[in-house]
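I have placed the structure first, in the form of structure tokens, so that the comments after it can refer back to it.
The values are calculated or read from the model by the stated rules, or taken from the named source; none is laboratory data. Keep in mind the model is a prediction, meaning the values are calculated, not measured. Counting neighbours? That spans all protein chains shown, and the Cβs are built from the backbone with ideal geometry, glycine included. For the accessible areas, the whole protein counts, side chains as well, though only heavy atoms, and no ligand, DNA or RNA atoms are used. Shrake-Rupley method; radii C 1.70, N 1.55, O 1.52, S 1.80 Å.
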Amino acid sequence: MFIVAVLGLLWGSFTNVLIARVPQGMKWANDTSRCPRCGADIKWYDNVPLVSYVVLRGRCRSCKERISLRYPLVEALVAALWVAVYLMWGISVTSLVFAYLAVISVALVFIDLDVRRLPFSIVLPSYGVVAVLLAIALLLGEGGAWWMPLAGMGVLGGFYGLLWVVYPAGMGLGDVVAAGLLGLAAGFLGWPVLAVAAIAGPLLGGIVVAVGVLSGRLGRKTAVPYGPMLITGAWIGFLAGEAISNAYLGMLGVV
């Protein structure tokens, strides 16, 4: 678990690179990290996840400007998701699928909060990566029926696609494409997970908007990025969907 957490921190550092560079159309590979304020190159020993932030007391070594708390937060969040994935599925191809999705999911959440879009340059290639990994997992006997990922993609992507057609001002096409990707993974885990993943996103969105309006932080026509709710809802389904579904059915006396 310690090794998984450390690897998660390292990939969390890479996630910060995606968040910073992809919206600007910058190359995310083959380039050194720089301070966003003074432009000074960040040495490797100042780029150790979490540790460097603490050692530098949250300030750039060169210009002494404060480093955003977001950087260690992203690193810790990816590491936490990796540990959760490991606890759920151990050492398996299924874990590889969701470890990859953890990196992509966290990147998309923060990018959407920053620029109000989910870049196709991240989402579309992820379809191929996830599809290949899921195919390997199915060949190794992990998961259920081979058609379930496709069903999940159709259900979740189709649902949000319909919403986009009916009310295009309510969400972007990026939300629809991301929903299909998340549905691909949720379908692999089964109908209970898919159901919770589909319901949790709109439920979270409704709660966030209601709380924002009632507290005065949001107006009735304020645009709110939906991607974070969509992705968070999917992860609730991934990690707790089966338990939530069983508890709900138990309350109804079905199981």
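Quick one, can you get me the convex hull of the C-alpha atoms of region 107-154 expressed as volume per residue in Å³?
Taking only Cα atoms, region 107-154 has a hull volume of 89 Å³ per residue.
Whole number in Å², please: accessible area per residue of region 66-110, 1.4 Å probe, ligands, DNA and RNA not counted.
Per residue, region 66-110 has an accessible area of 39 Å².
Taking only C-alpha pairs under 8 Å that are 6+ residues apart, what is the relative contact order of the chain in percent?
Values: 325 pairs, mean separation 43.4, N = 255.
Taking the mean separation of contacting Cα pairs over the length of the chain, I get 17 percent.
Calculate the length of the line joining the C-alpha centroid of region 120-136 to that of region 140-207, in whole Å.
Between the Cα centre of region 120-136 and that of region 140-207, the gap is 15 Å.
Anyone know which of GLY180, GLY157, GLY216 comes out most mobile in the 10 Å Cα GNM of the chain?
Of the options given, GLY216 has the highest mean-square fluctuation.
Pairs of alpha-carbon atoms within less than 8 angstrom and 6+ residues apart define the contacts here; what relative contact order does region 138-221 have, in percent?
Numbers: 80 pairs, mean separation 26.0, N = 84.
Relative contact order, region 138-221: 31 percent.
One-quarter of the Cα convex hull surface for region 94-176, in nm²? Mind dumping the intermediate values first?
On the way: hull surface 22.8 nm².
Taking the Cα atoms of region 94-176, their convex hull projects to 5.7 nm² on average.
Which of THR222, MET88, SER245 sits farthest toward the positive end of the charge dipole of the chain, with +1 on the Cβ of Lys and Arg and -1 on the Cβ of Asp and Glu?
THR222
Report in % the part of the accessible area of the chain that belongs to carbon and sulfur, leaving out ligands and nucleic acids; probe 1.4 Å.
69
Need one value: the accessible area of TRP147 in square angstrom, 1.4 angstrom probe, rounded to the nearest 10.
Approximately 120 Å² for this residue.
Given the DSSP H assignment, sum -39500 (n - 2.57) over each helix run of at least 4 residues in the chain and divide by its residue total; what's the result at 222 nm in deg cm²/dmol, nearest 500?
Here the helix-only value at 222 nm equals -23500 deg cm²/dmol.
Under a no-solvent Debye model with one identical scatterer per Cα of region 6-112, what's log10 I(q)/I(0) at q = 0.11, 0.19 Å⁻¹?
Debye curve over Cα of region 6-112, log10 I(q)/I(0) at q = 0.11, 0.19 Å⁻¹: -0.36, -0.97.
Show the residues, 5+ positions off or on another chain, whose built amide H is closer than 5 Å to the amide H of ARG34.
ILE42
Taking only the alpha-carbon positions of region 197-255 and ignoring solvent, what does the Debye formula give for the base-10 log of I(q)/I(0) at q = 0.15 Å⁻¹?
Debye intensities relative to I(0), on a log10 scale: -0.54.
Post the alpha-carbon centroid distance, region 1-24 to region 39-91, in whole angstrom.
8
Express the accessible area of region 117-255 per residue in Å², computed with a 1.4 Å probe while the remaining protein chains stay in the model. Intermediate values should be presented prior to the final figure.
On the way: 7160 Å² over 139 residues.
I get 52 Å² per residue for this part.
Show log10 I(q)/I(0) for the chain at q = 0.13, 0.17 Å⁻¹, two decimals, from a solvent-free Debye sum over equal Cα scatterers.
Ignoring solvent entirely, the Cα scatterers give -0.89, -1.35.
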